[in-house]
Amino acid sequence: MGELQSPASTLAAAAAQDAHGAIDLGELYVSLGKRLEQIVRRDVRAPEPVVEDACQFAWSRLIHHSHRVRRETALPWLATTAVHQALKLIRRDGRELSLDEALEQAGEAAIGPLCAAPDEVLEQRERLASVSALSPRQQRLVWLHAFGLNYAEIALHEGYTRRTVERQLLRAKRTLREPDG
């Protein structure tokens, strides 16, 4: 595609700015639109929808900033704006996973564990409430163990011996198993 401009098109582009320095955005879009997409596609290597969205964002920003951007610096300004937007879109897409995409990846079975039956929820709440019957030290140890720390890690974290952690957790488990609490 003709990246080199003929002298006539260069004159036409220069004439695209009026006496007040305002840019003729329609002419600018026609002359630079494809080139901008090529630059963003090359610099970001993103999916086509991301490139298109980023370019359209850059053009919309140019509308707001056209009084500050000169015709000869429009392409670098647009390219910088579009590349930044494309990178932002890629980062956002990496962080966000729509529910539809999650269902596609995990299948319909993923819904099951997320929706506990009311009696299961009640049982879980009662078990959590029963932890309050423990001493503060045992509560802390139970929670650390529930968070996945092993006995040695808990002992190191709390400043106890491994044996003390074992005994305290054993007593806590016994208390939690007792029917009255």
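Computed from the coordinates by the stated procedures, all read-outs in this text should not be read as laboratory data. This structure is a prediction, so every number in the text was calculated from the model and none was measured. Cβ atoms come from the backbone with ideal geometry, glycine included; neighbour counts cover every protein chain shown.
Computed 3J(HN,Hα) for the stretch 80-88, one whole-Hz value per residue from the Karplus formula 6.51 cos²θ - 1.76 cosθ + 1.60 where θ = phi - 60°, is 4, 5, 5, 5, 4, 5, 4, 5, 5, glycine and proline marked x.
Working note: Karplus 6.51/-1.76/1.60 with θ = phi - 60° gives the stretch 42-52 the couplings 5, 6, 9, 6, 10, x, 3, x, 5, 4, 5 Hz, where Gly and Pro are set to x. Of the residues His157, His65, the one with the fewest other Cβ atoms within 10 Å heads the list, and the complete ranking is His65, His157. One chain, two ends: Arg92 and His65. Fully extended at 0.36 nm per residue, the span grows by 7.2 nm beyond their Cα-Cα distance.
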